[in-house]
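Structure first, then comments.
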Amino acid sequence: MKHLIKFLLWALPFISLAQAPADSASAGANEVSALCGQMRVQGRVEIRQDARLEQLLGRRPKTYNAASHQPAYRNGQEIMYTSGYRVRVFSGNNQIVSKNEAYKIESELKKDLPELETYVVFKTPNWRLLVGNYRTMEEATVALRSLKKKFPVYGREMFVVKEEIEIAL
């Protein structure tokens, strides 16, 4: 019994020290959650960004750029960006060869279909040739079938993809 009491007296400081960090950690967590709640009520975040930053990053302007307060235009016509579909005609990941191939195929398509909207895009690590601005999957599928008939050489690589498309206003 004597040894048990000595052991408890010896172990008591260690047991109390082991409890202290858990209490302070929960107190800190309570302080943080209280601070976050307070910030939600009274805080306001305003982000100011130079319009040139989007150009440097290679992003296209949206319908209405809040930074520049200007609508987007293409060939003198106001456009809107929305979710839609395009036909992917080519995709390759060899940096130099794929880029040249995408532009070569684009010129072949434009020769036969000059009104066709084509987009050569680089999305790491691939160069892609996308065609058209279709609002529905059905419209894109009809265009895909037509392109496969006209250009059977590239037909194996062609398929419909979901993309951000341009709609003229």
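Quick notes
- Members of segment 130-162 that are within 17 Å of Thr82 (Cα to Cα), crowded, with 20+ Cβ neighbours inside 10 Å and touching a residue at least 60 places away in the same chain (Cβ under 8 Å): none
- The set of residues in segment 111-132 being in contact with a Lys or Arg (Cβ under 7 Å, 6 or more places away or on another chain) and either on the phi > 0 side of the Ramachandran plot or not hydrophobic (A, V, I, L, M, F, W, C) (or both) consists of Asp112, Thr118, Arg128, Gly132.
- Residue count, segment 151-169 (criterion: at pLDDT 90 or above and basic (Lys, Arg)): 1
- Any hit, segment 118-129, residues being in contact with a strand residue (DSSP E or B) (Cβ under 8 Å, 6 or more places away or on another chain), outside any strand (DSSP E or B) and surrounded by 12 or more Cβ atoms within 10 Å (Cβ to Cβ): no
- Tally of residues being free of Cβ contacts under 8 Å to residues at least 60 places away in the same chain and more than 16 Å from Ile167 (Cα to Cα) across segment 73-114: 23
- Complete set of residues in segment 136-162 that are touching a Ser or Thr at 6+ places or on another chain (Cβ under 8 Å) and assigned to a strand (DSSP E or B): Val160, Lys162
- Applying the set (1) surrounded by 13 or more Cβ atoms within 10 Å (Cβ to Cβ); (2) in a helix (DSSP H, G or I); (3) at pLDDT 90 or above to Lys99 leaves exactly one unmet item: (3).
The values are calculated or read from the model by the stated rules, or taken from the named source; none is laboratory data. Fair warning: this is a prediction, and the values are worked out from it, not measured in the lab. Backbone-built Cβ (ideal geometry, glycine too); neighbour counts: all protein chains shown.
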